[in-house]
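Derivation of every value follows stated rules applied to the coordinates shown; laboratory data play no part. Please read all numbers here as calculations on a predicted model, not as lab measurements. All Cβ positions, even for glycine, are placed from backbone atoms using ideal geometry, and neighbour counts span all protein chains on display.
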């Protein structure tokens, strides 16, 4: 009886360690699972910051989402592109799990032909510049921040 | 900018009325090329021609039609066109003796207005001795090394840009007319393959921007068809003239792709293919862009 208990305790302990290991490092691009057009859980294990997401969204070296999307919530930015649809009210069209999937890998959601880059993919590119080889455009944290920001875009 | 605001408002109004399809058309109609006409000293330029029957573009537009009026204006008067500083330098170099053979371009080619007329419009052109198509830059350097026994000019040097601007000017107003058949066919097809291939971390192709989305804004830039009828082109961003291959390189780096070698076979093939997409457009060298 004692032995069984302690085995269970060891088991619980290791599980605790393992799950701590998972939250310490984000899900890698290879581990991401998109099913039915959704990624249900946060890549980092915690919620992103919409305030930071707003920065990444407009930053030309990071999301640069404004290159292709009009977004009235960022009125103070002079230039908004029109290659993709306006993102006004986007939170009412897609739920959080869908928005996460769109930003992580737009190709799986809209098809290979979409102009929208896959922001959390680190391979399969042709002739990437050396300094971007094996890298994702955005980090897991930045993806979660942007998802949190997109969730605020309601009409 | 004005166009964008109008078109997105139009799109919203149409969407509100449940006319999503109409909204798409409205955006395109309002955001396309502008209707201005390009004429310099009374000479009119073709900035819009019908596309080839079996070609990818219904209408072919010069990049000039997508620039704002301030940029357009700089090309309307040669005194305002900053590219003409290089044209003057090129004219001087034309008659400057250089190299061990003791010759200038003029020694063999005489008056450039005669001998170089139409040359830019046909480049890149098949060269039997080389067994491949050569760009204008390659041809000039061949003459320097073989006929003048002079050192080749660097691709993006002031000398080369000045000479390509000066020679290009002798074709100004003439229609782009490159050959794509015979031995050129394989090079044309290779260029086409490069044009449609997705590259870089952003995973985009030339066609994604310049065929599928021309007329739209991509952040602050109004996307054109990426035509090369105006090269070498003065760009305010560069504050100088730049070659076709420099532009290709810049577009590739923007999508985080490793560019092909300037002057190499891939960019020569791509240059030929892009030129063929602009058949019939007037040569505008030296054009002004932003």
> What is the helix-to-structure angle for B:265-277, meaning the angle in degrees between its Cα long axis and the longest Cα principal axis of chain B, kept from 0 to 90 and rounded to the nearest 10?
Replying inline: 60
> In degrees, nearest 10, range 0 to 90: what is the angle between the Cα axis of helix B:158-169 and the longest Cα principal axis of chain B?
Replying inline: 70
> Among B:94, B:238, B:187, what is the fewest-to-most ranking by other Cβ atoms within 10 Å?
Replying inline: B:238, B:94, B:187
>> How tilted is helix B:2-16 with respect to the longest principal axis of chain B? Cα atoms for both, answer in degrees (0 to 90, nearest 10).
In response: 30
> Cα convex hull of the stretch B:172-232: mean projected area in nm², to one decimal?
Replying inline: 5.9
>> Could you tell me the relative contact order of chain B? Use alpha-carbon pairs under 8 Å, at least six residues apart, and round to a whole percent.
In response: 24
> Cα gyration tensor of the stretch B:84-169, axes a ≥ b ≥ c as square roots of the eigenvalues: rounded (a/c below 1.5), prolate (a/b > b/c) or oblate?
Replying inline: rounded
>> Taking 8 Å as the Cα distance limit and 6 or more residues as the minimum spacing, I'd like the relative contact order of the stretch B:71-196 as a percentage.
In response: 32
>> What does the C-alpha gyration tensor say about the overall shape of the protein assembly as shown? Classify as rounded when a/c is under 1.5, otherwise prolate if a/b is larger than b/c, or oblate.
In response: prolate
>> Which one, B:56, B:232, B:175, has the greatest fluctuation when you compute a Gaussian network model over chain B with C-alpha springs under 10 angstrom?
In response: B:56
> What would the Debye formula give as log10 I(q)/I(0) at q = 0.16 Å⁻¹ for the alpha-carbon point model of chain B, no solvent?
Replying inline: -1.35
> Which percent of Cα-Cα pairs in the stretch B:36-187 sits in each 10 Å bin, short to long?
Replying inline: 10, 32, 34, 20, 4, 0
> Rounded to the nearest 500, what is chain B's calculated 222 nm mean residue ellipticity when only DSSP H runs of at least 4 contribute -39500 (n - 2.57) each, over all residues?
Replying inline: -11500 deg cm²/dmol
> How would you rank B:209, A:65, B:143, B:108, going from fewest to most other Cβ atoms within 10 Å of each one's own Cβ?
Replying inline: B:108, B:143, B:209, A:65
> In 5 Å bins starting at 0, how do the alpha-carbon pair distances of the stretch A:24-150 split up by percent?
Replying inline: 2, 11, 20, 26, 22, 13, 6, 1
> When only C-alpha pairs under 8 Å and at least 6 residues apart count, what is the relative contact order of the stretch A:97-138, in percent?
Replying inline: 31
>> Which of A:155, B:106 has the fewest other C-beta atoms within 10 Å, and how do the rest follow up to the most?
In response: A:155, B:106
> Any idea what diffusion coefficient the stretch B:202-254 gets from Stokes-Einstein, in µm²/s, Kirkwood Rh on alpha carbon pairs, 20 °C, 1.002 mPa s?
Replying inline: 180
